[in-house]
Amino acid sequence: MKAPKTHNIFNPEKECMSREALRELQNERLRKTVKLEYDNVPVYRARMDAKGIKPEDIRTVDDLRYLPFTNKTDLRDEFPFGLLASPKSEIVRIQGSSGTTGKPIVSGYTENDVEVWTEMVARALVAAGGTKDDIIQIAYGYGLFTGGLGAHQGASKIGAMTIPMSSGNTARQIMMMKDLGSTMLCCTPSYATYLGETIREMGLDPKKDLKLKSGVFGAEPWTEAMRTRLEELLDIDACDIYGLTEIAGPGVAFECLEKCGMHINEDHVIPEIIDPVTEEPLPYGASGELVFTTITKTGMPMLRYRTHDICVLHPEKCACGRTTVRMGRITGRTDDMLIIRGVNVFPSQIESVLVSVKGVAPFYMLIVDRVNSTDTLEVQVEIDENGFSDTVADLENIRNEIGEKIKSVVGISAKVTLVGAKTLPRSEGKAKRVIDNRKL
Ligand code: DLL
């Protein structure tokens, strides 16, 4: 049963502001954030000093372009607390995602930051038709990953009945969905598809046997074709939700039932699109790298954070009444990060595992695929000719060692295939290390 296409808005005062009033609010909040960063975060102060910029020089959003960028590497270099702009005693939550070294990228949130984030998710759920009468099943993972707790907080904020299922355990998910009459589902789009397919295989008809009306799906790229399939499989409206740990987790941007791009919560973050090579800002409508500046965060605010996600911004007013700029679907990344079963994976993490294992050479290929709506990862790696032992037991030990190390460093299990020396293709230019067969 799809949600009626009425446009409820959680915070109309902020979500439907005139562009002029919004700009004023952003200017004021930006000035505060820049000062907070300059006064409290040595790295930011040093970078601004190096550019000869003082906080007073940044008066309006147009001055953003003078500020230095922040990168994922900064979070790694300053791990865990070097970028905090508030005392540690003010931090009430740590959340994280997997990073390039096996250590997670972590962000610290003050009580204010958790409240801001909670409201962002509440706005997203209401935009997807959510009300206090809903029963919201949360099948994002709970833990350091922001999906579970983020969706949970938002669902509680709108007063809905919240079911904290976390991810996995599909049979149990479906049983609860049926028995409790869940009306909304929050999880990754690939897991939603798997749930939908399993529901159909069990002979259930969502129209008759379930009460789902909408889903709020994100944390990984998906397409219009996947939306159509999901809406048919589950008989729901499927809305996209975007976010990242460094900024606030899910809810940074979200779709309304018009399904024409994700509304960015511009009273909390300022989006920019830049050319990833020249780093120059690009106009609305141009495809480029998405950059965010947070303007209400106090724990670990971010100035011009390079997301590496590629998309387009649309400024036209939406039929739902919101005036915020919308971002299109993420169409790629400017780095080599893969998202496998919702986990951020860098090929360099796998490489670091392989070089630590005796008996294999540093030539490898990652093959990513999607089988029954679930991502799979196969790591093919060459045996080292010199350290080569062909006893079955030795080869099995090597495979197990690699598998276990990948699981502990990257956080996901992989199929490890040992191949003969010099059998993987060599390249004269940039090595191709990844084959992604997933058809989105
Ligand atoms: O994935 C937060 C989140 C949780 C978003 C639940 C939505 C729902 P991270 O683990 O830090 O945070 O990963 C952030 O995931 O830079 C994008 O590359 C990707 N991503 C997130 N949402 C979407 C989406 C969460 N809707 C990284 N479409 C981001 C495409 C997405 N990619």
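Every number here is computed from the coordinates shown, using simple stated rules; none is lab data. Just so it is clear, the model here is predicted, and its values are computed rather than measured. Please note: Cβ atoms are built from the backbone with ideal geometry, for glycine as well, and neighbour counts cover all protein chains shown.
Over all other residues within a Cβ to Cβ distance under 13 Å of Ile274, the charged ones net out to -3, with Lys and Arg as +1 and Asp and Glu as -1. As a length-normalised measure over Cα pairs under 8 Å and 6 or more apart, the relative contact order of the chain settles at 15 percent. Among the trypsin sites (Lys or Arg not before Pro) in region 279-386, those located in a DSSP loop and surrounded by at most 16 other Cβ atoms within 10 Å of their own Cβ are Lys317, Lys358. Between Val371 and Lys407, the simple spin-label model (points 7 angstrom out along Cα→Cβ) gives 1.7 nm. Where is the GNM fluctuation largest for the chain (alpha-carbon springs, 10 angstrom cutoff): Thr298, Thr223, Thr193? Per the Cα network of the chain with a 10 Å cutoff, Thr223 tops the list.
Projecting label points 7 angstrom from Cα along Cα→Cβ for Arg438 and Glu115 puts them 3.7 nm apart. Charged neighbours of Asn437, selected by a Cβ distance under 13 Å, balance to -1 (K, R count +1; D, E count -1). Note on Lys178 and Thr331: the extension gain reaches 51.6 nm, defined as 0.36 nm multiplied by sequence separation minus the Cα-Cα distance. Annotation: amide H-H contacts under 5 Å for Thr70 (H modelled 1.01 Å from N, sequence separation of 5 or more, or interchain): Tyr305, Arg306. Give the shape of the chain as rounded, prolate or oblate, defined through the alpha-carbon gyration tensor: a ≥ b ≥ c are the square roots of its eigenvalues, a/c under 1.5 means rounded, and otherwise the shape is prolate if a/b is larger than b/c and oblate if not. Oblate, because a/c is 1.5 or more while a/b does not exceed b/c.
In a DSSP loop and with at most 15 other Cβ atoms within 10 Å, the GluC sites (Glu not before Pro) in region 371-400 are Glu385. If the chain linking Arg93 and Lys207 were pulled fully straight, counting 0.36 nm for each residue of separation and taking away their Cα-Cα distance, it would gain 37.1 nm. Other residues with beta-carbon under 12 Å from the beta-carbon of Gln380 carry, at +1 per Lys or Arg and -1 per Asp or Glu, a net charge of +1.
The gain in end-to-end length when the Glu28 to Tyr66 segment is fully stretched comes to 12.0 nm, 0.36 nm per residue minus the alpha carbon separation. Who wins for biggest fluctuation among Pro283, Pro221, Pro301 in a Gaussian network model of the chain, springs between alpha carbons below 10 Å? Greatest mean-square fluctuation among the candidates belongs to Pro283. The modelled label-to-label distance for the pair Asn169/Phe81, using points 7 Å beyond Cα in the direction of Cβ, is 3.5 nm. In this structure the amide hydrogen of Gly299, modeled in the peptide plane, comes within under 5 Å of the amide hydrogens of Thr110, Asp113, none closer than 5 places in sequence on its chain. In the chain, the calculated helix contribution to ellipticity at 222 nm averages -9500 deg cm²/dmol per residue, counting -39,500 (n - 2.57) for every DSSP H run with n ≥ 4.
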